[in-house]
Each structure stands twice: as structure tokens, then as C-alpha cells.
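Below: one structure, written as C-alpha cells.
Each reported figure results from applying straightforward, stated rules to the coordinates on display, with no laboratory input. Note that the coordinates shown come from a computational prediction; the quantities given were computed from them, not determined experimentally. Neighbour counts are summed over all protein chains in view; Cβ atoms, including those assigned to glycine, are modelled from backbone coordinates with ideal geometry.
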Amino acid sequence: MQRTGEARHQLRCCQEQAALPDVAEMALQVLRKLGDAIRRCAERENNQALVNEILAQLMDDDGPISLTNNSLGSLGNFGVQQVVAVLSDRESLRWLQLDRNEIGDDAAESLAEVMRANSALQSLDLDFNVVGDVGASSLAEALQSNASLRELSLNCNLICAEGAKQLAKALQANEGLQALHLQGNSIGDEGVGALAVMLEVNHSLKTLSLQSSYVGDGGASLLANSLEKNKSLQELSLGCNNLGDAAAKAFGGMLCKNRVLNELRLDHNHIGDVGAMSLAEALCSNDVLQELWLVENPIGTEGMKHFSTALETNQTMQRFAITASNKEARHQELMHSLHKSLVVRRACESVRRGEVNLTLSGEDLSGTAAERLASAIEETDALRELTLEDCCIADPDAKRLAQALASNGQVAEVALPCNDISDSGASHLVELLERSDTMVSLDLAGNPISKIRVPSQLRSAGQGDEPVGDDCNSSGDMINGNLAMFEEFEDDASDTGDEDLSVQPVLRQNAQEYYPDAEETPVIWHAFQPAHMDLQEDDETGQIRPQTADLARSGKGLIVAL
């Protein structure tokens, strides 16, 4: 009997111990509820002064309202509920910014009421709050009847797949919202799948941001498929997700058909050469996409090679962002080729767009790049100034540019300093100057030019320096050495254009400052038109020489620096 009693006692103890976890869990739940109640009371007490001050400001302010990260503290649910009560019927309210205010689902529900009642609100920013699926569902329900809101930003909240589904459902009917920002939420492929279905029927949304939203190849592929039918979305951001080659191939196929999307961000993912090759192939036929971001993807040499080839023919890409995954020489060479293609594309686009001035410095415009730029110059009549400094332009490139400038007939000032132009290329440009009625300036400083024949109507000139020195080069129209400038002037009445030139070398005191890379101080040449042979003593040198007229101070200038 004693043993039986001990057994019963041990059984009772075991049962009590087994029940302890349940009791502890219940106690924790009670403590959580008590903590929430205490927090709400404290929130009400601490925020009341803040809310009162903000309400006072709102009473006197009819413009856009920004309560983001304000110096008075976070509004929280209680504060937002009081603020939105004042704003619900304000007809002048267009933009409401409430990011970083610890707004949760309760406050989101109150804001949904504002969206229903206010027909003027166009932008609502709730970034960096604690809105979850319940709050997102409330906002989604309001969107079904709201026709004024153009932008809804819910970045970095607590929205998951269910919240995304509700928003997607609302946008199947909503025809006003143009931008939806959901980055930094745990939407996943399930939520993105619902958004993909929405995009097949929605005709108003132009921007969709889904960075850092736990999207994989499956969800991204669904989005790509839907964009083959979508006619409105212009910007899609999927950076910092888990996209691989499968997703990139899906977007490559989409870009071959889509004629609306102009910005696609796939940066910080796992796209390799296979996906890159698919995207590059799409760029050969796509004539709409202007920005493609692929930074921090493991794209190797093969992928780079395909992009380099594609961008030589693509004429619409304006921004292409990519990073090299290794430091191999071939990889770096392809990166350089990509950069070169994009620079030339932007330059050609600028010229064709009608810009009057094109300036490039330190770029590589040799070979096909110069040919493409020359073709663009031939197609415009708006360009007036062309500056290509240190751009690897050689003699064949200079010859092609001279042909394009002659065909254009409108460019007034051309500067090609610090390139690889020698006598051969320079002769084509000087010949262009001789024949052109519009060019007023040509700069060829810093090029390896040793000898050049100067047409009689070109006068070398400085910047107003007085001639000094004893030597006089009277070799006619053949100039040797470091010729710094030419300048073309209107012929005077007494000038037939056939006289020989007396060329006076002049050292400019600050010439080294203007040409810091020169091995020796450059020589600036002044040319003088021989006047009547009246002899006169030079006041500075005491020498007797013919009286001359300094053409550097009269007439129209066409300055050519060599």
C-alpha cells in the first residue's frame, strides 16, 4: 500500500510538471497583453502634446504635409488616428508623408478612411513603418474606390504575401495608381505571382518597386510573362533578390516583345553568363529600354562579350550598369568596350536630339566610335560646337570627322586637342577650314603635328600679345615646329589673299600654364598681313622692319590650336 501511495504521488507530480509549460505560456500571453495596454497608455500620454502641436500646424497649413521623422518624435497609431481625422476632408491635401512614425495596422486602417473620403490626395508615403497584411488589406480596399491616388509607397514594412495579394486584387480595378513601392517586404514568389496577374489587366501602373522582397526565379518569370501583355509599366525594380539565369532568360524573352518598359533593375542578384547572353540578345532588337542595371551579378567574360556586341547596335540604351566579376585582362577590355559603346551612344543621341554643343574628354572615340559620331554629325543641322579632347582620335578618324563636318556645314567651333592626329589628319581639317564659310575655330593643340601647309587666308594669332624676338620665319605657307594657333579673318580691302605671310614667333609668358604637359614652353605664332612697305623703327627692339597690321585684334576669328 505504501508503494502504491508513493506511485500515485509521483504520478501527480509528473502531471503538475507537464502542465507547467501551459501555465507559463498563459502567463506570457497575459504579460504581453498587459504590456500592450501599458504601451498604448504611455503612447497616448506621451504623444498627446505632439499631436496637439501637429494639429495646430495642420490647421494653418493647406500645402503638402510631411510628418516624416519629425523632431518631436514618432506619431504612432494613436497620433496618426487623430491627425487623419483632421485631414480626411481637406480638399487641398495632395501629398501626405508619414514614413518612420511607427504606424501599424490600426493607423493604416484610419488612413484608408482618408483615402475613401478625400478625393484630392495623390501621394501617400508610409515607408519604414510597421504596416502588416491587415493594414495593407485596408489600404487595398480603399484603393478599389479611390480614383485620385497616384503613388502609394509602403517600402520596408511588414507586408507579406497576403497583403500583396490584396493590393494586386485592388489594382485590377483601380485605374488611377501609377506607382506602387513595396521594396523591403517579405512578399515572396506567392505575392509577386498575384502582382503578375494584376499586370495583365492593369493599364495605369507605370512603376513597380520590389527590391529586397524575397523574389526568386519563379515569381520573376511570372512577372516577365505578364509584361509581354502589359502596355503601361515603364519601370520595374527587382534588385537584391534571388534571381538567377532562369529569371534573366524570362526577361530577355519579354524584352523582345515588350515595347513599353524603359527601366529594368536586376542588380545584386545571381545572374550569370547564360542569363546575360539572353538579355544581350534582347537588346539587339529592343528599341525602348533605356536603363538596365546588372551591378553585382556574377557575369563573366562571355556575358560581357555579348553585351559589348549588342550595345554596338542598340541605339536607345542610356544607362547600363554592370560590374566586373574578376580582374582578367580580357574582362577589363570588355568592360572598356562597353563603356565606349555607351559613351558614343549618348553622344550620338545628344547630337541627333539637336544639342548645339558636344563636349567629351578622356574617352576612346577611335575606330567605329568615330564613324558613328561622324554619321550623327551628318544628320544634324543644330550642332555649333564640337570638343573632343584626349579621345584617341587618329588620322583616319580625323579625316572622317572632317568629311562629316563638311557635310554638316553648320559647326562653327571644333576642338580636337591632345589626340593622335598627325600631319595627315590635320591637313584634312585645315583644308576644311579653308573651304568652310561657317567655321570660326579649330583647336588641335597637343597633337603630334610636325609640318603643315597653311592656306593663305589662315592667319596664326595669339591672344593679344605683342610680338617680341628677332627671328622672322618668312617661309610662306609652310609652318614647321610647334605651331600653336591659327586664326582666320575677314580680308581687308587692300588684301587680295595672295600675299605671303610674315610669321613672327612670340613667346607667351604664361604659355607653360596653358600647356602644362609640353616638354618645352610652347611657341605662340602671330601672323601679320604685310602692309605697304613703309619702314619703321621698332620702339622695343630698335630694328627697322616693315609696318604691319596685327590681325589678331580685328576681323572674325577662327582659332586653330595645334
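So the values come out like this:
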| quantity | calculated |
| --- | --- |
| Compactness of segment 233-353 as Cα Rg over 2.2 N^0.38 Å, two decimals | 0.98 |
| Set LYS206/LYS340; LYS169/LYS206; LYS206/LYS257; LYS305/LYS340; LYS249/LYS305; LYS231/LYS257 screened for pairs whose C-alpha atoms are more than 21 Å apart | LYS206/LYS340 |
| Separation of the GLN332 and GLU291 label points, Cα + 7 Å toward Cβ, nm | 3.0 |
| Bins of 10 Å, starting at 0 and running to the largest distance - Cα pair percent for segment 178-314 | 14, 48, 32, 6 |
| Proxy reagent accessibility, fewest Cβ within 10 Å first, across SER450, SER138 | SER450, SER138 |
| Packing-based order for 336-345, 108-117, using average beta carbon neighbours within 10 Å, highest first | 108-117, 336-345 |
| In nm, spacing of pseudo-spin labels at GLU228 and GLU151 (7 Å Cα→C-beta vector) | 3.3 |
